[in-house]
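The structure appears right after this line, and notes come after that.
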Amino acid sequence: MSKEYSLASDTWDIEEIKAINKVIDGGRYTCGAFVEKFEKEFCKILGCKHAVMVNSGSSANLLVMSLLKYKYNLKGDVIVPVVSWSTTFFPVSQNGFKLNFVDVDRKTLNIDPEKVEKAITKDTCAIFAVNLLGNSCYLKELKRIAKKYKLKLIEDNCESLGATSDNYVDFTGTVGNFGTFSFFFSHHIQTMEGGMIVCKSKDDADYLRSLRSHGWCRHLDDKNNLYQKTGDDFVDSFTFITPGYNVRPLEMSGAIGSVQLKKFHENHWVRYENSKLFKKIIEEKFQDVIDIQEEVGFSSWFGFSMLLKGKLKDRRKEVTKLFSKRGIECRPIVAGNFMKNPVIEKLDYIDNEDYENADYIHNQGLFVGNDVVDLTDSIFLLADTLDELL
């Protein structure tokens, strides 16, 4: 039996190393043909129209919010789930929007559509939904609400590449107006650092490409609706048209992404097989003391969440201490109720006050990893450790 249970493992082999060496041999290291190739392959896998790669999922969120501010001239408040990662929230605030915090569904861990509709104000301009831990939000309902109130719908899909929405057809991240993805080490695709934005129009993709690279027009096609180039490369290479950043990805990350995509379907299947064993053991032995995430659509099972109840309620410190002793890595469910973090004092937000589910997740929640390798031994180690606690 395995002596440890890690959150994630390295998914690279010799092919990723060859891809890196190919970039080195070519002598260009930043944001060029390899990145563009990966963007096109990513679109093909997900069935989306446009994809723009950046250096992280956090940067992807930043660019989307900047696009709403500068291209669409939006302002006001943005509805967000109170349970998510910090850089779901910070880009909203950094672009001058007010955070409108809404509680989540305790079963799915995702934003509650009913509470979303109740939280909408006259100044609400967007819904920033987060598909948490591989699991889709109720996107059909969120899309209906967005359409009804003429709001933009954004999906933070950084943890849920490969999941399908609640129609069981569309991939999460492609349902809303914009979707963001992360390719950090522990995620479904690992490109060192990296992220992606998908969108439905070339005009939006062009704007994002300008925002990505200093705000210049250099990477735009000659035929675009954002800026009419002069045709003089000396001038066009240093003409700035949007208030941009420098969040370009490395060519190595693009090349690695192309290799990782070839493994994507097989890796997704292994994650699914691990999830079946995890669910079976919890349901057969621990359903009185642990609630697990209720699947919406088809989850891509980023990790396995656990909410303690019954004889394990209020014993999380004891649980995590024994997990650590047994070599089982675990984490909070993202950041729990984010409003309990000290940084909240520096943010402009609307407090809707009712966060009962997020508070329960904050106090009783944790998650262990899923991986692209067979976790049978690790999951049985988890079960033996839970038995010991009980």
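The values are calculated or read from the model by the stated rules, or taken from the named source; none is laboratory data. No experiment lies behind these values; they were computed from the predicted model shown. Cβ coordinates were reconstructed from backbone atoms using ideal geometry, including for glycine residues, and neighbour counts include every protein chain displayed. Only protein heavy atoms, including side chains, enter the accessible area calculation; ligands, DNA and RNA are left aside. Shrake-Rupley method; radii C 1.70, N 1.55, O 1.52, S 1.80 Å.
Of all residues in segment 328-343, those that are in contact (Cβ under 8 Å) with a residue 24 or more places away in the chain have Cβ atoms under 9 Å from Cβ atoms of residues that are charged (D, E, K, R), 6 or more apart or on another chain, in 328/4; 329/4; 334/159; 336/359; 337/103; 337/359; 339/351.
The condition of being open to solvent by 10 Å² or more (accessible area, probe 1.4 Å), touching a Leu at 6+ places or on another chain (Cβ under 9 Å), in a loop (DSSP other than H, G, I, E, B) and not hydrophobic (A, V, I, L, M, F, W, C) holds for only one of 93, 186, that being 186.
Mind checking whether some residue in segment 204-214 is farther than 30 Å from residue 16 by Cβ, touching a residue at least 60 places away in the same chain (Cβ under 8 Å) and charged (D, E, K, R)? Within segment 204-214 (the criterion being farther than 30 Å from residue 16 by Cβ, touching a residue at least 60 places away in the same chain (Cβ under 8 Å) and charged (D, E, K, R)), the answer is yes, since at least one residue qualifies. Looking at 231, 244, just one residue is at pLDDT below 95, in a loop (DSSP other than H, G, I, E, B) and over 20 Å from residue 332 (Cα atoms), and that residue is 231. Evaluating residue 209 against the criteria (1) more than 30 Å from residue 13 (Cα to Cα); (2) within 16 Å of the chain's Cα centre (by Cα) leaves one unmet condition, (2). Could you please let me know if residue 345 is farther than 29 Å from residue 162 by Cβ, out of contact with any Lys or Arg (no Cβ under 6 Å at 6 or more places or on another chain) and modelled with pLDDT of 95 or more? For residue 345, the condition - farther than 29 Å from residue 162 by Cβ, out of contact with any Lys or Arg (no Cβ under 6 Å at 6 or more places or on another chain) and modelled with pLDDT of 95 or more - is met.
Cβ separations smaller than 6 Å between residues 6+ apart or across chains give the following pairs from segment 268-281 residues that are over 17 Å from residue 6 (Cβ atoms) to residues that are open to solvent by less than 40 Å² (accessible area, probe 1.4 Å) and at pLDDT 95 or above: 268/162; 281/383.
Applying the selection to segment 140-161, what residues are more than 30 Å from residue 266 (Cα to Cα) and part of a strand (DSSP E or B)? 152, 153 - these are the residues of segment 140-161 that are more than 30 Å from residue 266 (Cα to Cα) and part of a strand (DSSP E or B).
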